[in-house]
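Values in this text are rule-based calculations from the coordinates and carry no lab data. Only a predicted model underlies this, so the values are computations on that prediction, with no experimental measurement involved. Cβ placement follows ideal geometry from the backbone for every residue including glycine, while neighbour counts extend to all protein chains displayed.
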Amino acid sequence: MSTSDMTNSHHRRLEVTVISGEDLRINDRPIKNNAFVTVKADSCGLPSSQDSTKPDAQSESYPYWDEKLHVDLPAGSRYIVVEVCRRTSSAGDKFVATAWIPVSDFVGDYTPENYLHFLSYRLRDAKGLRNGIINISVRVVSSSYKGTLSSSSRLPPSVLEFRMPVDRERNGGTVTGMPVWYPNQWKS
């Protein structure tokens with residue numbers, strides 16, 4: 001195995017779709033416009049890749065981006081950092097809020113590659129106070145992933161089916177998921 005192959009085997013490529021933000025504020029006032037998001041991997045002090053959305057010029061404190069960003073996730077990364085800023089003409093970019101999203105929320109033993117996770121996180125301002133919500137989707141993109149699955153393609157055998165109880169009254173309104181493994185389900 002060459003050195004470049006070893007290096008690539010320790011990285012994952014993420015496709016992060018930044019969907020929208022909710023109730024974003026600066027100094028307890030709703031932001032006016034031009035909010036944008038930067039996504040980067042926590043790389044333990046090493047340089048890491050990052051990608052940013054375009055500023056949303058119209059949506060004020062409830063911005064909508066729906067933009068796909070791509071970030072490399074180095075081995076050992078424990079978080080991705082989502083940072084919301086506001087672009088101003090006079091003072092440059094002004095920090096609004098950030099969220100540190102654990103990698104374990106979208107990478108794990110029971111999650112197949114290319115699985116799309118829809119996630120919402122509380123944002124925190126520079127003082128650590130609540131400052132809105134960010135809505136994103138995350139997919140770990142494999143090198144062989146070409147987009148959507150064709151009708152003739154098969155899912156890998158590691159896919160799990162989740163079954164949930166339907167009797168919500170008896171379960172106090174809480175829905176509990178349990179992974180169920182069907183080892184021969186995806187074989188031809």
Cα→Cβ-extended label distance, 7 Å offset, between Asn33 and Tyr110, nm:
4.6
In region 47-123, the trypsin sites (Lys or Arg not before Pro) that sit in a DSSP loop and have at most 15 other Cβ atoms within 10 Å of their own Cβ are Arg78
For region 12-142, what are Rg and Dmax over the alpha carbons, in angstrom?
14.5, 48
Pop a pseudo-label 7 angstrom from the Cα along the beta-carbon direction at both Asp93 and Glu60 and give the gap in nm to one decimal.
2.5
Quick one: which of Lys54/Lys127; Lys32/Lys68; Lys32/Lys54; Lys32/Lys94 span more than 20 angstrom between C-alpha atoms?
Lys54/Lys127; Lys32/Lys68
Using a basic spin-label model with each label point 7 Å from the Cα along Cα→Cβ, how many nm lie between Lys127 and Glu67?
2.9
Here, chymotrypsin sites (Phe, Trp or Tyr not before Pro) of region 77-115 satisfying both criteria (DSSP loop; at most 13 other Cβ within 10 Å) are Tyr110
